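As C-alpha cells, the structure follows; a few thoughts come after it.
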Amino acid sequence: MKLVVKIFIGVLFGLLLAAGTGVFWYISTKQPQRSGELTLNHLSAPVTVRYDEYGIPHIKASNEPDLYRALGYVHAQDRLFQMEMVRRLAQGELAEILGPKLIKVDRLFRTLGLRANAKKKVAAMDRQSPAIQAQSAYLDGINQFQASHPAPFEFDILGIPKRPFTLEDTVAVSGYLAYSFAAAFKTEPLLTYIRDELGEDYLKIFDLAWNPQGVLEKANPTARNSPLQNHPAPDWQALNQLAQVSQEAQTLASVPLFEGSNAWAISGERTSSGKPMLAGDPHIGFSLPSVWYEAHLSMPGFELYGNFQALNASALLGHNTQFGWSLTMFQNDDMDLIAEKVNPRNANQVWFEGQWVDLENTEDTIQVKGGKPVKLVLQHSPHGPIISSAFKDTLGDAPVAMWWTFLETDNPILEAFYDLNRANTLAKARAAASKIYAPGLNVVWASASGDIGWWAAAKLPVRPLYVNPTFILDGGSPESEKLGFYRFSDNPQEENPQRGYIVSANHQPQSTSGIPIPGYYNAYDRAQTLEDRLGNNDLQWNQLNTESLQLSTQTAYFWRVLEPLIPDLSDVVRDPLERSVFDSLVQWDGQYTLPNIPPTVFTQLVYELTRAAMADELGKVQFANLLGTRALDLALPRLAANAESPWWDDIKTDKVESRRDIVRIAWKATIQHLKETLGPSPNDWGWGNAHTLTHVHPLAAQKPLDWVFNVGPFPAPGGREVPNNLATPIGPAPWAVTYGPSTRRIIDFANAGKSQSVNPVGQSGVLFDPHYSDQAAAYVVGGYLMRYLGDKDVQANTHDMLTLKPAQVPVTSH
C-alpha cells in the first residue's frame with residue numbers, strides 16, 4: 001500500500017510539474033524578445049534596438065525604411081492586441097470577436113463610413129511619397145512579427161484570427177481619432193431637443209445665440225404649405241442612441257476616447273536655463289495598455305523621441321535636441337447633423353441644391369460571434385452618411401445626415417505628421433500643421449533656437465452667415481450647405497508672442513482674423529489656472545515649478561458654481577454634523593487632494609443639483625447624455641447664478657419649486673448618498689476613498705479576468721477642470737477615473753537629451769511582462785521618469801539589446 005501511495009504521489013507530482021512547465025512555456029512564448037538577434041525580411045542593414053529600464057526601445061538604423069520596419073516590429077511585440085482592437089473598432093468589426101453586445105458599436109462605425117473612406121483615400125495615395133513609404137515599411141514590420149510569432153493571450157482567449165494590417169486600417173483608425181474629438185453627436189441632439197421641446201428660456205444657461213436661420217425648426221404638420229411639411233420629427237430617443245453608443249465604444253472595447261489636454265511653451269526669456277521649455281499632457285480615456293507607445297528613432301540625418309499611436313508610423317508627440325511639440329484638442333465644430341427633406345413621392349430622394357437627388361444605398365454585413373450575421377443598408381446623401389440608417393427600428397423615416405470635414409476633404413494627415421516629425425524650424429512646423437484638416441488639433445511647438453509657436457490646425461468650414469451649427473440643421477434650406485473652407489492663415493495662431501509664453505487648454509481660442517470658430521470648448525477655468533501662473537512675471541520657469549503646475553489639483557470652477565448657492569445652502573443646512581461639512585466646503589481652496597473631504601462633497605452635490613434641477617425636464621435618456629457633455633460644465637455656473645431659471649421648477653409637481661427648494665433636495669441627497677456609499681462619518685469621505693484609478697483591460701468584463709489583467713485601483717488626486725485632470729463624467733460617488741493625462745512631458749531645450757515624462761501604466765501590453773505596469777504607481781502620485789536621447793546616456797541605461805538582421809537571400813547558381 002505504501003508503494004501504491006508513493007507511486008500515486010509521484011505521478012501526481014509529475015503531472016503538476018508537467019502542467020506547470022506547460023504553463024510556463026505557454027506564457028514565455030507570448031513575451032517580447034528584447035535581447036539577442038532576429039532576422040527581418042526586407043532590411044538592407046542591421047538595426048540595433050536598445051531597451052532601457054522601462055522597456056522603451058531606442059532604435060538605430062542606417063536608413064529610413066529599415067528604421068520604420070524595425071519600429072513596426074518592436075511596436076507589435078508589445079502592442080499587437082491593441083492594434084487589433086483599434087482597427088476592429090474603426091472598421092466596425094468588434095462583434096466578430098466579442099459577440100452581439102458590440103453590434104451597436106459596429107453599426108455606428110460602419111454608418112460613419114470610415115471603411116469606405118479609407119479605401120477611397122488609400123486608392124488615391126501616392127505610394128512613392130516619403131510618408132506613405134515610411135508607413136508601409138512600418139506595417140510590414142508589424143505583419144512580419146505577427147506572421148512569425150505566437151498570437152497574444154487575448155487572441156487565444158477570443159479566437160481572433162491573424163490577418164495582415166493594411167494602409168486602409170491606418171486611415172480608418174485616423175478616422176476614429178477624428179471622430180473621438182467630435183462632440184456634435186452628444187451635444188447637438190440634446191440642445192435641439194431642449195430648444196424644440198422645452199423652449200428658449202431653457203437654453204439661456206447654455207449661452208447660445210437664439211438664431212433659427214438655417215436650423216431645423218420644430219415641425220408643424222398642421223401648417224399648410226409649410227416648407228417643413230416633409231420633415232418627419234426627429235426621434236429624440238433614437239438620436240441619442242448615437243451618443244450612448246459612442247460611450248459604449250470606449251467602455252466595451254476599451255479603446256480610449258480623446259477628452260481634452262494641456263500644453264504650453266515658454267520662451268527662453270522666462271526660463272532659468274535661458275532656453276524654451278515645452279510641457280504637454282493630452283487628456284485621453286484610460287485603457288490598458290495605455291494609448292501611447294514610446295520609442296526613440298535614430299538614423300543619419302534624423303532623430304526623434306516620439307509617442308506613437310497604434311498603427312501610425314509617425315509620432316503624434318515628439319522631440320529631439322532641436323525642437324519638439326505637443327497637442328491639445330482644438331474642439332472646433334467640424335461636424336453638422338442635417339435633417340434631410342424627403343421627397344413625399346419617393347422616400348429614396350432628398351432635397352439638395354434645388355432638386356431631388358437619390359440616396360446612395362450600400363449593403364453591408366456585420367459578422368457576429370455566437371450569433372447570426374447582421375445585414376445593413378447604409379445610405380449616403382450629398383450631405384454625408386445617413387447616420388440614422390443603421391437605426392431603422394427606432395428612427396423610421398427621419399433621415400439625419402452627418403456632414404463631417406474628415407470625410408469631405410482629402411485630409412493628408414499622414415503627411416502632416418511625417419512632416420511635423422521633421423519640422424526643425426518655425427516655418428516647417430507651420431507648414432506641417434496646415435496639412436491637418438481633421439481632427440482639429442492645437443499644435444504647440446518650441447525649439448532650441450528660441451522660437452515658440454501655436455497653430456489651431458483644422459480645415460474650418462465656411463457656413464452661411466448667422467447659421468448656428470449647435471443645432472440640427474435643415475437639409476431643405478440652403479443655409480445647411482457649406483460655402484468652402486477658410487484659409488489656414490485665418491485660423492487662430494501665434495508665433496513668438498511678446499508675453500513670452502503660449503497656453504492651450506481646450507478653451508475657446510480668440511479669433512485672430514475675425515472668422516467664426518464655433519465649437520464645443522471646455523470651461524475656461526483650467527486654462528485660467530495655467531494663464532495665471534505662466535503670466536507671473538516674478539517666476540523663472542524650471543523643471544520643478546513646471547512639474548508643480550502640471551500636477552496642480554486646484555481650480556476656481558467650484559466657486560463659480562458654489563458661491564451663488566451659499567445663501568440657500570446656509571438656510572437649509574441645520575444639522576450640526578452637516579453644518580461642519582458645509583463650513584469646510586465654504587472654506588475650501590479648490591484643491592482636489594487625497595485626504596480632502598470638500599471635493600467629495602462638492603462633486604456629489606454637483607450631480608445631485610443637476611439631477612434635481614434638470615432630470616425632470618429631460619427624462620432618463622437625455623439626462624444621461626447631458627452628463628457626458630461639456631455643455632453641462634459651461635451651464636452649471638449660469639444655472640447656479642440665475643434664481644429665476646425655469647430649470648429650478650420640478651415639472652412633475654403641482655408646486656412651483658424655487659432654487660432654494662432644489663438646493664435643499666440636492667444637499668439632503670448628497671449627504672445621504674455619501675453616508676450610504678462611503679460611511680456614516682465625514683472622516684471617511686476623503687477624496688482618495690471616493691476617487692480611484694483602475695487601468696481596465698478589454699477582457700476585464702469577464703470575471704475573474706479583471707483580477708488578472710487590470711492594474712489598480714489607485715487612490716487618485718485631481719479632478720474635472722484642474723490641470724492634473726484625472727477625471728470622470730459627472731455622476732454619483734464613488735468615482736472611477738475614466739480619463740486624464742495620457743502622458744506628462746516636460747522638455748527643457750537647454751538639456752533636451754534628458755527630458756522627463758511618464759506613462760500612465762507601462763510600455764508593454766503583454767501580460768506578465770515586467771513593463772506591463774511598472775510606471776503605474778509613479779504616475780498616479782505625480783512621478784516623472786528620465787527619457788534619454790544621447791548615445792552615451794542610451795548606452796549607460798541599456799538593459800537589453802536586440803539586433804535585427806537582414807534575412808539571408810539564397811544565392812542561385814546558373
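Which condition number does Ala523 fail, the rest of (1) surrounded by fewer than 21 Cβ atoms within 10 Å (Cβ to Cβ); (2) among the hydrophobic types (A, V, I, L, M, F, W, C); (3) outside any helix (DSSP H, G or I) being met?
With (1) surrounded by fewer than 21 Cβ atoms within 10 Å (Cβ to Cβ); (2) among the hydrophobic types (A, V, I, L, M, F, W, C); (3) outside any helix (DSSP H, G or I) applied to Ala523, the lone miss is (1).
Which one of these does Ala61 not meet: (1) small (Gly, Ala, Ser); (2) surrounded by 24 or more Cβ atoms within 10 Å (Cβ to Cβ); (3) at positive phi?
Only one criterion in (1) small (Gly, Ala, Ser); (2) surrounded by 24 or more Cβ atoms within 10 Å (Cβ to Cβ); (3) at positive phi is unmet by Ala61, namely (3).
Looking only at the stretch 443-470, count every residue that is modelled with pLDDT under 95 and at positive phi and tell me the total.
The qualifying residues number 1.
Collect the residues in the stretch 141-176 that are surrounded by 20 or more Cβ atoms within 10 Å (Cβ to Cβ) and acidic (Asp, Glu), keeping them in residue-number order.
Those that are surrounded by 20 or more Cβ atoms within 10 Å (Cβ to Cβ) and acidic (Asp, Glu): Glu154, Glu168, Asp169.
Give Trp455, Trp445 a once-over and let me know the one that is under 25 Å from Glu721 (Cβ atoms), in contact (Cβ under 8 Å) with a residue 12 or more places away in the chain and of a type outside the set (S, T, N, Q).
Just a single option satisfies the conditions, and that option is Trp455.
Arg487 fails exactly one of the following numbered conditions: (1) basic (Lys, Arg); (2) under 24 Å from Phe258 (Cα atoms); (3) out of contact with any helix residue (DSSP H, G or I) (no Cβ under 8 Å at 6 or more places or on another chain). What is the number of that condition?
(2)
Test of understanding: among Asp684, Asp654, Asp649, which residue is at pLDDT below 95, of a type outside the set (Lys, Arg) and not assigned by TED's automatic domain parsing to the domain that holds Asp201?
Asp654
If you take the residues in the stretch 742-771 that are more than 25 Å from Asp793 (Cβ to Cβ) and of a type outside the set (Gly, Ala, Ser), which one is nearest to the chain's Cα centre (by Cα)?
Across the stretch 742-771, the extreme among qualifying residues is Val766.
Every residue, every condition in (1) outside any loop (DSSP other than H, G, I, E, B); (2) touching a residue at least 60 places away in the same chain (Cβ under 8 Å), yes or no:
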{"residue": "Lys275", "(1), (2)": "no, yes"}
{"residue": "Ser290", "(1), (2)": "no, yes"}
{"residue": "Leu297", "(1), (2)": "yes, yes"}
{"residue": "Gly318", "(1), (2)": "yes, yes"}
{"residue": "Leu327", "(1), (2)": "yes, yes"}
{"residue": "Ile338", "(1), (2)": "yes, yes"}
{"residue": "Gln349", "(1), (2)": "yes, no"}
{"residue": "Val357", "(1), (2)": "yes, no"}
{"residue": "Thr362", "(1), (2)": "yes, yes"}
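Among the candidates Pro509, Pro497, single out the residue that is crowded, with 19+ Cβ neighbours inside 10 Å, in contact with a Phe, Trp or Tyr (Cβ under 9 Å, 6 or more places away or on another chain) and not acidic (Asp, Glu).
One residue alone meets the criteria, Pro509.
Taking the stretch 108-124 as the search range and keeping residues that are touching a strand residue (DSSP E or B) at 6+ places or on another chain (Cβ under 7 Å) and under 17 Å from Arg87 (Cβ atoms), which one is surrounded by the most Cβ atoms within 10 Å (Cβ to Cβ)?
Per the criteria, the residue is Leu112.
In the stretch 721-814, which strands (runs of 3 or more DSSP E) lie fully inside it and hold 1 or more residues that are under 26 Å from His319 (Cβ atoms) and in contact with a His (Cβ under 9 Å, 6 or more places away or on another chain)?
Per the criteria, 739-741, 745-748, 754-757, 785-788.
Kindly indicate which of Ser757, Ser764 is in contact with a strand residue (DSSP E or B) (Cβ under 7 Å, 6 or more places away or on another chain) and either of a type in the set (S, T, N, Q) or more than 30 Å from Gln672 (Cβ to Cβ) (or both).
Answer to the selection: Ser757.
Can you find a residue that is touching a strand residue (DSSP E or B) at 6+ places or on another chain (Cβ under 7 Å), in contact (Cβ under 8 Å) with a residue 12 or more places away in the chain and within 18 Å of Gln795 (Cβ to Cβ) anywhere in the stretch 90-98?
No; the residues of the stretch 90-98 include none that is touching a strand residue (DSSP E or B) at 6+ places or on another chain (Cβ under 7 Å), in contact (Cβ under 8 Å) with a residue 12 or more places away in the chain and within 18 Å of Gln795 (Cβ to Cβ).
Residue by residue through the stretch 591-623, note down the ones that are at positive phi and crowded, with 22+ Cβ neighbours inside 10 Å.
Correct list: empty.
Looking only at residues that are farther than 30 Å from Ser314 by Cα and touching a Pro at 6+ places or on another chain (Cβ under 8 Å) in the stretch 396-426, which one is modelled with the lowest pLDDT?
Gly396
Looking at (1) at pLDDT 95 or above; (2) assigned by TED's automatic domain parsing to the domain that holds Gly175; (3) touching a Gly at 6+ places or on another chain (Cβ under 9 Å), can you tell me which one Ala90 breaks?
Every listed condition holds for Ala90 apart from (1).
What is the residue count in the stretch 560-577 for residues that are of a type in the set (Asp, Glu) and crowded, with 17+ Cβ neighbours inside 10 Å?
1
In the stretch 719-726, is there at least one residue being surrounded by fewer than 18 Cβ atoms within 10 Å (Cβ to Cβ) and either out of contact with any strand residue (DSSP E or B) (no Cβ under 9 Å at 6 or more places or on another chain) or closer than 24 Å to Glu531 by Cα (or both)?
No, there is no match, as no residue in the stretch 719-726 is surrounded by fewer than 18 Cβ atoms within 10 Å (Cβ to Cβ) and either out of contact with any strand residue (DSSP E or B) (no Cβ under 9 Å at 6 or more places or on another chain) or closer than 24 Å to Glu531 by Cα (or both).
Within the stretch 59-113, considering only helices (runs of 4 or more DSSP H) that don't extend past its boundaries, which have at least 2 residues that are basic (Lys, Arg) and over 30 Å from Gly301 (Cβ atoms)?
Fully inside the stretch 59-113 and qualifying: 64-91, 103-112.
Among the residues that make up the stretch 745-754, is at least one of them crowded, with 22+ Cβ neighbours inside 10 Å, basic (Lys, Arg) and within 19 Å of His691 (Cβ to Cβ)?
Checking the stretch 745-754: not a single residue is crowded, with 22+ Cβ neighbours inside 10 Å, basic (Lys, Arg) and within 19 Å of His691 (Cβ to Cβ).
The values are calculated or read from the model by the stated rules, or taken from the named source; none is laboratory data. Predicted model only: the values in this text are computed from it and were never measured. Here the Cβ is made from the backbone with ideal geometry for all residues, glycine too, and neighbour counts use every protein chain on show.
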